[in-house]
Amino acid sequence: MSELKEYTLEEIAKHNTQEDCWLIIGNASNGGPKVYDVTKYLDDHPGGAEVLLDVAGQDADEFFEDIGHSKEARKELSKYLIGNFKLDAAAMEKMKAAAEKRSKSEGGMVSTLLVALIAIVGVAVAYYKTQQSAGAEEK
């Protein structure tokens with residue numbers, strides 16, 4: 001397999017139209033940022049071409065991950081891989097900040113789910129106790 005070409009942000013930014021649409025997707029936690037030419041996929045994208053065109057020629061990783069794409073979508077994406085994103089110092093800092101933000105928001109979601117789960121268990125216990133005492137009074 002040949003080594004993938006590296007593209008700078010300046011090069012990628014030129015590919016931001018319906019006729020020529022590139023995206024940067026990936027981060028340090030999943031193998032690093034990669035460059036994808038999704039031009040031929042625009043009409044087939046379930047969310048519509050506009051969703052991709054909104055982030056064309058840019059780092060679209062945060063948007064891609066926020067949607068929660070399936071394994072099938074990730075496999076489909078791999079068909080359009082054309083190279084690696086050449087990171088400069090500014091891009092590294094931006095990606096590092098985005099990764100930290102994402103990990104913090106995921107932690108916040110877990111704690112929110114935990115609070116909701118505790119509340120549901122509390123309601124279930126209260127209901128059970130109420131039904132149990134109502135049954136005891138009837139006897």
*Long-range HN-HN contacts of Asn84 with modeled amide H, under 5 Å*: Lys5, Glu6, Tyr7, Val35
*For the range 13-24, what does the Karplus curve 6.51 cos²θ - 1.76 cosθ + 1.60, with θ = phi - 60°, yield as ³J(HN,Hα) per residue in whole Hz, taken in order and with x for Gly and Pro?*
4, 6, 9, 10, 10, 5, 7, 7, 10, 10, 9, 9
*Amide H contacts of Ala56 (H built 1.01 Å from N, under 5 Å, at least 5 apart or other chain)*: none
*Along Cα→Cβ, 7 Å out, is where each label goes; now give me the distance between the ones at Ile118 and Phe63 in nm to one decimal.*
3.8
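Each reported figure results from applying straightforward, stated rules to the coordinates on display, with no laboratory input. The structure displayed is predicted, hence computed values, not measured ones. Positions of Cβ are backbone-derived with ideal geometry, glycine not excepted, and every protein chain shown enters the neighbour counts.
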